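Worksheet: the structure to be examined is printed underneath.
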Amino acid sequence: MGLVPGCRGPTRPPPPPLTYEGLPVAGSLAEARKAGFTDCRPDTIEMRCRKAGVMFLGHGPFNAALDLVGSDGAGGFDEITLWHDWDQNALFAIATTLEQRGWKTCYTGEGSKGDQAIYTRHGLPVRVSMDLSYFGKRRLRIIPAWNKREPLC
């Protein structure tokens, strides 16, 4: 990936499309828009596309965002972020459902900074990461299994 002043930010080809439980987890800007993520705002290095009213595993509605590489979004996205504007505990219902469905849980971090619960299930193409400690809004991210940039336990 390169960054040239005055250009559209880092570049890469978009990752292959991936959906899980009806939500886009990886793909191109076109796939994000097709899934209803049409409120897009670029900055100098990425584009964030948002959608309200998102349901996941029967819970919600949540707000959701896809962060695409490049200010024009040409590099695509490789995770989806969910949050609730005023109920910071709403995401725990998803965690309970994952555990009931046999997902395993592990935890990152020590003390009160950066701790996340990571949910995995053998054979599935995604993992789920939920903030336990947070500043602002608690978030839950659905991440492709191949995305190794994100913390693992």
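The values are calculated or read from the model by the stated rules, or taken from the named source; none is laboratory data. Being a predicted model, the structure only gives us computed values, none of them experimental. Reconstructed Cβ throughout: ideal geometry from the backbone, glycine too, with neighbour counts over all protein chains shown. Keep in mind that these areas ignore ligands, DNA and RNA; they rest on the heavy atoms of the full protein, side chains included. Shrake-Rupley method; radii C 1.70, N 1.55, O 1.52, S 1.80 Å.
Quickly run through segment 110-150 and pick out the residues that are at pLDDT below 90, over 22 Å from Ala90 (Cα atoms) and open to solvent by 50 Å² or more (accessible area, probe 1.4 Å).
Glu110, Gly111, Lys148, Arg149
Say whether the condition of being among the hydrophobic types (A, V, I, L, M, F, W, C) and over 28 Å from Pro17 (Cβ atoms) is met by at least one residue in segment 111-134.
There is at least one residue in segment 111-134 that is among the hydrophobic types (A, V, I, L, M, F, W, C) and over 28 Å from Pro17 (Cβ atoms).
Scanning for something of a type in the set (S, T, N, Q), open to solvent by less than 70 Å² (accessible area, probe 1.4 Å) and in a strand (DSSP E or B), does segment 52-65 turn up at least one residue? Let's see the steps before the verdict.
Pass one, segment 52-65, residues of a type in the set (S, T, N, Q): 63.
Now restrict to residues that are open to solvent by less than 70 Å² (accessible area, probe 1.4 Å): 63.
Checking which are in a strand (DSSP E or B) leaves us with 63.
Yes: one or more hits.
For segment 84-94, how many residues meet the condition of being buried (at least 18 other Cβ atoms within 10 Å of the Cβ) and part of a loop (DSSP other than H, G, I, E, B)?
Of the residues in segment 84-94, 3 are buried (at least 18 other Cβ atoms within 10 Å of the Cβ) and part of a loop (DSSP other than H, G, I, E, B).
Out of segment 51-88, which residues are in contact with a Lys or Arg (Cβ under 8 Å, 6 or more places away or on another chain), of a type outside the set (A, V, I, L, M, F, W, C) and free of Cβ contacts under 8 Å to residues at least 40 places away in the same chain?
Listed by number, the residues that qualify are Asn63, Asp67.
Looking only at segment 8-27, which residues are under 25 Å from Leu57 (Cβ atoms) and of a type in the set (S, T, N, Q)?
Thr19
Go over the candidates Thr97, Thr11, Thr81 one by one and state the one that is at pLDDT below 95, surrounded by 13 or more Cβ atoms within 10 Å (Cβ to Cβ) and either within 14 Å of the chain's Cα centre (by Cα) or of a type in the set (S, T, N, Q) (or both).
That would be Thr11, the only listed residue that is at pLDDT below 95, surrounded by 13 or more Cβ atoms within 10 Å (Cβ to Cβ) and either within 14 Å of the chain's Cα centre (by Cα) or of a type in the set (S, T, N, Q) (or both).
Of all the residues that make up segment 16-45, how many are part of a strand (DSSP E or B) and modelled with pLDDT under 95?
1
Out of the residues in segment 66-78 that are assigned to a loop (DSSP other than H, G, I, E, B) and among the acidic types (Asp, Glu), which is nearest to the chain's Cα centre (by Cα)?
Asp78
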